[in-house]
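The values are calculated or read from the model by the stated rules, or taken from the named source; none is laboratory data. These numbers were taken from a predicted model, which means no experiment stands behind them. Here the Cβ positions follow ideal geometry from the backbone for every residue, glycine too, while neighbour counts run over all protein chains shown. Heads up: the accessible areas ignore ligands, DNA and RNA and are worked out on the full protein's heavy atoms, side chains in. Shrake-Rupley method; radii C 1.70, N 1.55, O 1.52, S 1.80 Å.
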Amino acid sequence: MDTFKTKSGKTVAITPIKHASMEIEYDGLIIQVDPVIDGALPETDYTQWRKADIIIITHDHYDHLDVQAVEDLSKDSTRIITNASSAEMLGKGTVMANGDKLELEKDLTLYAVPAYNTTPGHTQFHPKDRDNGFIMVADGLRIYLAGDTEDIEEMADVKDIDVAFLPCNQPFTMTPTQLRHAADMVKPRVLFPYHFGDTPVDAMISALEGTGIDVRIRHFE
């Protein structure tokens, strides 16, 4: 678990689960991001986790959207935030598209931002305008959940990020070189490479040398 303080001294606690899955706790709220049981290994038993107040799903791929995981984490008041194709698969959820803003609580805001492939021959994996990355602002603390994306030009507009989660595994997301380019654009205070699969950790660390960013490696294989 990594903890961060907001501008008024509240705590944001982030627990890595695997791949692109994590739990974020803020001011009594439990937020689950891209929960999957066995779409990414090791298998996760979400019946043993706390019920979520909010579930955020970036897109509908099997390693990000798991209907059973969503059911296991849900209670009557759980809010599910996702893109259109994921909401269609789930049969429920609040749909956000790139550019949308959603006030979840008086001091918790979610922004949907672009996430897509640009490399020729890879654009079918994550077409432009379909999937989301998200910027979560919790009492001034800005967290960037990039989703499945390459180092797209829109990252230059992602500003003042305290904590960033950037993916690194081709052909679906970024190479270590692209990861460095994305980090140079976003300039987060703390960076967690995630969704990195078989990408060598040493290659990511080497690519990020000299950025001045606090790079933290956790179990996001």
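A 1.4 Å probe, protein heavy atoms only, puts the accessible area of L208 near 10 Å².
Solvent-accessible area of the chain (1.4 angstrom probe, protein heavy atoms only): carbon and sulfur portion equals 50 percent. Projected label points at V201 and T109, each 7 Å from Cα along the beta carbon direction, are separated by 3.7 nanometres.
Applying 1/(1 + (r/R0)^6) with R0 = 30 Å to the Cβ-Cβ distance of T15 and K101 gives a FRET efficiency near 0.70. The largest-to-smallest principal axis extents of the Cα set in the stretch 1-60 are 38, 24, 19 Å.
Its Kirkwood hydrodynamic radius, worked out from the mean inverse distance over all distinct Cα pairs, puts the stretch 123-172 at 11.8 Å.
In the P(r) worked out for the stretch 172-221, what percent of Cα pairs fall beyond 13 Å? Tail of the P(r) past 13 Å holds 51 percent of the pairs. For I54, the shell of other residues with beta-carbons less than 13 Å away shows a net charge of -3, using +1 for Lys and Arg and -1 for Asp and Glu.
Under a 5 Å amide H cut-off, with hydrogens placed 1.01 Å from N, I30 pairs with D53, I54 among residues at least 5 apart or on other chains. Bridgeable aspartates and glutamates around K10 (alpha carbons under 12 Å apart, same-chain partners fewer than 8 residues away excluded): E25, D27, D107, D139.
Using a probe of 1.4 Å, the accessible surface attributed to H61 totals some 50 Å² when neighbouring protein chains are kept in position.
When Rg and Dmax are taken over the Cα atoms of the chain, they come to 15.9, 47 Å. Here the chain is treated with +1 on each Lys and Arg Cβ and -1 on each Asp and Glu Cβ, and its dipole about the Cα centre works out to around 560 debye.
Add +1 for every Lys or Arg and -1 for every Asp or Glu among the other residues with Cβ under 15 Å from the Cβ of D151, and state the total.
Working: positive: K128, R180, K187; negative: D148, E150, E153, E154, D157, D184.
For residues surrounding D151, the net value is -3.
Which pairs in the list K101/K187; K7/K75; K128/K187; K101/K159; K106/K159; K159/K187 are over 19 Å apart, alpha-carbon to alpha-carbon? In this structure, K101/K187; K7/K75; K128/K187; K106/K159 exceed 19 Å between Cα atoms. Report the calculated FRET efficiency for S8 and D184 (r = Cβ-Cβ distance, R0 = 41 Å), to the nearest 0.05. Computed FRET efficiency for S8 and D184 comes out at 0.85. Starting at 0 and stepping by 5 Å, how many percent of the alpha carbon pairs of the stretch 96-221 end up in each bin? Each 5 Å bin holds this share of Cα pairs: 2, 12, 22, 25, 20, 12, 5, 1, 0.
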